[in-house]
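Dumping the structure here so I can ask a few things about it.
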Amino acid sequence: MPSTKQVSDAITRAQNEYKGIILGTTDALDFANEIYQIMGMATFWDWLAVNGTTFGTVADQQDYSNVPADFRRLKAAFINDDTSTYTPMIPLSVREQLPKSNTRGLPRAMSAENQKFRLFPVPIITRAASGQWAIFFEYWKASKRLVALTDTFEFPDQYFEVYAAGFNARIGQFLNRDDAGQWMGRTPEGMMVGTGMWGKFAALLNNVVREEELASGPVIWAPEADFIRY
């Protein structure tokens, strides 16, 4: 479901909490971005998962400068001969790192390293306008920077209450409210922690992160077993 909530909605919530406090635009956007980045980096959200721009292989070229500007992490990748609609999409194994290599063949794996994509083995075919080989990929992007009070959040509306709790805690800290508490970040176990109003935000954020990370079933790209033998 697309989001309808804007930065101005968070400001309205804060004004209700703090009885009509007036925030300057610069301060409001700074606080809004602080909370937005905390939420955006809390996990790999579905609402930040997007399709990348397809690119083609080049014979004997292993690295490709096709990493999007807002790239955060590679989610999935596929190789395909797109001359036909019915040609199978062959999954590529996503790796944290791949070796620099002169081993040539049909790519079986892909990584994102040093702001470039790396394929392994090294392709032996240069793709023309279509055909062998097209690389399709999905990735998690970084959350955008909020630059106006009318900017719409990327998260679904059901997450707005979580965001508002964090925004109110940040305003409370700005006002030196004793009940604002302190934001203490993430523990080694991955839990968000805080005290006071920050603690409420941390608890709400932990709940939605836990729900986000629950899997409905195992993800299997058949026949994956054949692709790990390289």
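The values are calculated or read from the model by the stated rules, or taken from the named source; none is laboratory data. Because the structure is a prediction, the values reported are computed rather than measured. Counting neighbours? That spans all protein chains shown, and the Cβs are built from the backbone with ideal geometry, glycine included.
Scan segment 48-63 for residues that are surrounded by fewer than 18 Cβ atoms within 10 Å (Cβ to Cβ) and within 19 Å of Gln115 (Cα to Cα) and jot them down. Even if it seems obvious, please write down each step before you answer.
So in segment 48-63, the residues surrounded by fewer than 18 Cβ atoms within 10 Å (Cβ to Cβ) come out as 49-51, 53-55, 58-61, 63.
Within segment 48-63, Ala49, Val50, Asn51, Thr53, Thr54, Phe55, Val58, Gln61, Asp63 qualify.
Hey, among Ala169, Ala128, Ala142, Ala148, which residue is crowded, with 18+ Cβ neighbours inside 10 Å and of a type in the set (Gly, Ala, Ser)? Spell out the reasoning first.
On the way: Ala128 fails: crowded, with 18+ Cβ neighbours inside 10 Å; Ala142 fails: crowded, with 18+ Cβ neighbours inside 10 Å; Ala148 fails: crowded, with 18+ Cβ neighbours inside 10 Å.
Residue meeting the stated conditions: Ala169.
Moving on to the next point. Out of all the residues in segment 4-58, which are under 16 Å from the mean Cα position of the chain (by Cα), small (Gly, Ala, Ser) and over 30 Å from Pro107 (Cβ atoms)?
Within segment 4-58, Gly40, Ala42 qualify.
Give segment 32-87 a look and list any residue that's assigned to a loop (DSSP other than H, G, I, E, B) and in contact with a helix residue (DSSP H, G or I) (Cβ under 7 Å, 6 or more places away or on another chain), or say none.
Restricting attention to segment 32-87, the residues satisfying the condition of being assigned to a loop (DSSP other than H, G, I, E, B) are 41-45, 52-54, 57-62, 65-70, 81-87.
Residues satisfying the conditions are Ala42, Thr43, Trp45.
Here is a follow-up. Mind listing whichever residues of segment 146-164 are within 23 Å of Ala202 (Cβ to Cβ) and either touching a helix residue (DSSP H, G or I) at 6+ places or on another chain (Cβ under 9 Å) or of a type in the set (Lys, Arg) (or both)? Show your work before the answer.
So in segment 146-164, the residues within 23 Å of Ala202 (Cβ to Cβ) come out as 146, 153-164.
Within segment 146-164, Leu146, Phe153, Glu154, Phe155, Pro156, Gln158, Tyr159, Phe160, Glu161, Val162, Tyr163, Ala164 meet the criteria.
Out of segment 101-121, which residues are in contact with a Phe, Trp or Tyr (Cβ under 9 Å, 6 or more places away or on another chain) and assigned to a loop (DSSP other than H, G, I, E, B)?
Keep residues of segment 101-121 that are in contact with a Phe, Trp or Tyr (Cβ under 9 Å, 6 or more places away or on another chain), which gives 101, 103, 105-112, 115-121.
If the condition is that a residue be in contact with a Phe, Trp or Tyr (Cβ under 9 Å, 6 or more places away or on another chain) and assigned to a loop (DSSP other than H, G, I, E, B), then Ser101, Thr103, Gly105, Leu106, Pro107, Arg108, Gln115, Pro121 are the ones that fit.
Would segment 123-141 turn up any residue that is touching a helix residue (DSSP H, G or I) at 6+ places or on another chain (Cβ under 9 Å) and among the small types (Gly, Ala, Ser)?
No, segment 123-141 has no match at all.
For the structure I just gave you, tell me whether Arg72 is in the same structural domain as Phe55 (by TED's automatic domain parsing) and either touching a residue at least 24 places away in the same chain (Cβ under 8 Å) or crowded, with 20+ Cβ neighbours inside 10 Å (or both).
On the way: in the same structural domain as Phe55 (by TED's automatic domain parsing): yes; either touching a residue at least 24 places away in the same chain (Cβ under 8 Å) or crowded, with 20+ Cβ neighbours inside 10 Å (or both): yes.
It is true that Arg72 is in the same structural domain as Phe55 (by TED's automatic domain parsing) and either touching a residue at least 24 places away in the same chain (Cβ under 8 Å) or crowded, with 20+ Cβ neighbours inside 10 Å (or both).
Consider Ser143 against the criteria (1) of a type in the set (S, T, N, Q); (2) without any contact (Cβ under 8 Å) to a residue 24 or more places away in the chain; (3) under 27 Å from Thr12 (Cβ atoms): it satisfies all of them except one. Which criterion is unmet?
Among (1) of a type in the set (S, T, N, Q); (2) without any contact (Cβ under 8 Å) to a residue 24 or more places away in the chain; (3) under 27 Å from Thr12 (Cβ atoms), Ser143 violates only (2).
Still on this model: Can you tell me which condition Thr57 does not meet? The list is (1) closer than 30 Å to Ala169 by Cα; (2) outside the structural domain of Val193 (by TED's automatic domain parsing); (3) touching a Phe, Trp or Tyr at 6+ places or on another chain (Cβ under 7 Å), and all the others hold.
(1)
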